[in-house]
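Undergrad: Before I ask anything, here is the structure I am working with.
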Amino acid sequence: MLASYVLLFAWTIVVLLPLYWMVVTSFKLPVQVATGPFYIPFVDFQPSLHAWQYILVGDLANDTRRNFINTLVVATISTTLAMALGSAAAYGLTRFHYHPKVGMILCFVGCVAVAVVLTLLGLPALFSILIAIALFVILLQTIGKRFKRSLGNNDIAFWLVSQRILPPVAVVIPIYIIFQQIGMLDTWPALIITYVAANLPIVVWLMRDYFSTIPIELEECAAIDGASRYRTFLSIVLPLAVPGFVATFLFVLVFAWNEYLFALFLTNANAQTLPVSIAAQNATRGPQWWYMSVLVLIMILPVIFMAILLERYMAKGLLVGAVKG
């Protein structure tokens, strides 16, 4: 038992040492960083607020404030939308049985491709969408009916999750071109739409497993008592799924908060997020670790505090499916 505590304590030190080093570095002067290493404040060196003043009230104050607000707004809104859409899809996949025809799916994919191509060729986006909808209706009544094979819930869930396997670098250029053509580069909606699409599979994957652990008999009893499907979902399923919601929300929030590649391509100055800002500062000013430490702390502390506040929900949410079956 003692050996276990010793190993856990040693591992805790290993995990927390980078965070401690970053905090200590943020209170050092440039000369102290260059001539160190110094480990203990007030013993090895005299702490200074030079870096914090430069970032928060100095030359970078406006940029830091704007980038932090951009990160907060984009990450929060995109995570909320991804949770709403993904949870609804996950609940549907666990409680309803779907049998979409392969022909209908192929027609839809083809019409989406037509709409994208027409938009890239210079047609207005709304006009391209209307053409694609009309073409979809025509194809669905003709070619779509020739395909008799249908898919099931597991096929739909696998397709949704497989979208996360696709590396972002493979789609970032087409996404950039689409937003460029419709004039949405360097805006919050561009990042929000992209983050929702990128993180939706994670929400479906995690929440589907969690909803499957909630006994369906509870919903059947509510239905017998006259509760509608929406009332059952809001009054019974959602309260029971709070731990799963919290754990999934934090996962997705971290992914959106730390995302770099899409933000690098889709933003310039107005909607730039903290990860891109930190990388830009490092590229233009060199490795000024005292400033970088402050920026990184500003970036990670809100997520850490949120995880601490919601820790009691996360423990149960992260263990979903661990003893299943």
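The values are calculated or read from the model by the stated rules, or taken from the named source; none is laboratory data. Computed from a prediction, not measured in an experiment: that's the story for all the values here. Cβ atoms come from the backbone with ideal geometry, glycine included; neighbour counts cover every protein chain shown.
Undergrad: Considering only residues that are surrounded by fewer than 13 Cβ atoms within 10 Å (Cβ to Cβ) and farther than 30 Å from Ser212 by Cβ, which ones fall in the range 95-127?
TA: If the condition is that a residue be surrounded by fewer than 13 Cβ atoms within 10 Å (Cβ to Cβ) and farther than 30 Å from Ser212 by Cβ, then Ala113, Val117, Leu121, Gly122, Pro124, Leu126, Phe127 are the ones that fit.
Undergrad: Considering only the range 177-197, state which residues are among the aromatic types (Phe, Trp, Tyr) and within 16 Å of Ser78 (Cα to Cα). Before the answer, list the steps.
TA: Going residue by residue through the range 177-197, those that are among the aromatic types (Phe, Trp, Tyr) are 179, 188, 195.
Correct list: Trp188, Tyr195.
Undergrad: Could you list, in sequence order, the residues of the range 42-65 that are over 21 Å from Val276 (Cα atoms) and either in contact with a Cys (Cβ under 6 Å, 6 or more places away or on another chain) or modelled with pLDDT under 85 (or both)?
TA: Correct list: Phe42, Val43, Asp44, Phe45, His50.
Undergrad: Quick check on this structure: which one of Asp59, Asp44, Asp63 is of a type in the set (Asp, Glu) and under 26 Å from the mean Cα position of the chain (by Cα)? Explain how you work it out, then say what you get.
TA: Working: Asp59 fails: under 26 Å from the mean Cα position of the chain (by Cα); Asp44 fails: under 26 Å from the mean Cα position of the chain (by Cα).
Checking each option against the conditions leaves just Asp63.
Undergrad: Out of curiosity, is Val254 surrounded by 23 or more Cβ atoms within 10 Å (Cβ to Cβ) and more than 15 Å from Ile193 (Cα to Cα)?
TA: Numbers: surrounded by 23 or more Cβ atoms within 10 Å (Cβ to Cβ): no; more than 15 Å from Ile193 (Cα to Cα): yes.
For Val254, the condition - surrounded by 23 or more Cβ atoms within 10 Å (Cβ to Cβ) and more than 15 Å from Ile193 (Cα to Cα) - is not met.
Undergrad: Examine the range 119-136 for a residue that is free of Cβ contacts under 8 Å to residues at least 60 places away in the same chain and under 30 Å from Phe249 (Cα atoms), and state whether such a residue exists. Give the derivation first.
TA: Going residue by residue through the range 119-136, those that are free of Cβ contacts under 8 Å to residues at least 60 places away in the same chain are 121-136.
Now narrow it down to the ones that are under 30 Å from Phe249 (Cα atoms): none.
Checked against the condition, which is being free of Cβ contacts under 8 Å to residues at least 60 places away in the same chain and under 30 Å from Phe249 (Cα atoms), the range 119-136 yields no hits at all.
Undergrad: Something else about it: Can you tell me which residue among Arg146, Arg229, Arg208 is closer than 24 Å to His99 by Cβ and in contact with a Leu (Cβ under 7 Å, 6 or more places away or on another chain)?
TA: Details: Arg146 fails: in contact with a Leu (Cβ under 7 Å, 6 or more places away or on another chain); Arg229 fails: in contact with a Leu (Cβ under 7 Å, 6 or more places away or on another chain).
Only one candidate qualifies: Arg208.
Undergrad: Is there any pair linking a residue in the range 152-181 that is among the small types (Gly, Ala, Ser) to one that is in a helix (DSSP H, G or I), with Cβ under 8 Å and at least six apart or on different chains, and which?
TA: Ala157/Leu93; Ala157/Val204; Ala157/Trp205; Ala157/Arg208; Ser162/Pro201
Undergrad: Residues that are among the polar types (S, T, N, Q) and within 28 Å of Ile304 (Cα to Cα): list the helices (runs of 4 or more DSSP H) wholly contained in the range 168-284 that include at least 2 such residues.
TA: Working: elements: 172-181, 188-212, 216-224, 229-232, 242-258, 261-266.
Passing ranges, in order: 188-212, 242-258.
Undergrad: Same structure, new question: Working only within the range 206-232, note down all residues that are under 30 Å from Val73 (Cα atoms), of a type outside the set (D, E, K, R) and either in contact with a His (Cβ under 7 Å, 6 or more places away or on another chain) or crowded, with 19+ Cβ neighbours inside 10 Å (or both).
TA: First, the residues of the range 206-232 that are under 30 Å from Val73 (Cα atoms): 206-211, 230.
Okay, now just the ones that are also of a type outside the set (D, E, K, R), so 206-207, 210-211, 230.
Matches in the range 206-232: Leu206, Met207, Tyr210, Phe211.
Undergrad: Quick test of your reading of the structure: Ile13 fulfils all but one of (1) assigned to a helix (DSSP H, G or I); (2) under 28 Å from the mean Cα position of the chain (by Cα). Name the failing condition by number.
TA: Evaluating Ile13 over (1) assigned to a helix (DSSP H, G or I); (2) under 28 Å from the mean Cα position of the chain (by Cα) leaves (2) as the failure.
Undergrad: Restricting to the range 128-163, name every residue that is assigned to a helix (DSSP H, G or I), hydroxyl-bearing (Ser, Thr, Tyr) and either more than 30 Å from Tyr210 (Cα to Cα) or at pLDDT 85 or above (or both). Please lay out each step first, then the result.
TA: Residues of the range 128-163 that are assigned to a helix (DSSP H, G or I), as a first pass: 128-141, 144-146, 153-163.
Now narrow it down to the ones that are hydroxyl-bearing (Ser, Thr, Tyr): 128, 162.
Ser128 - this is the single residue of the range 128-163 that is assigned to a helix (DSSP H, G or I), hydroxyl-bearing (Ser, Thr, Tyr) and either more than 30 Å from Tyr210 (Cα to Cα) or at pLDDT 85 or above (or both).
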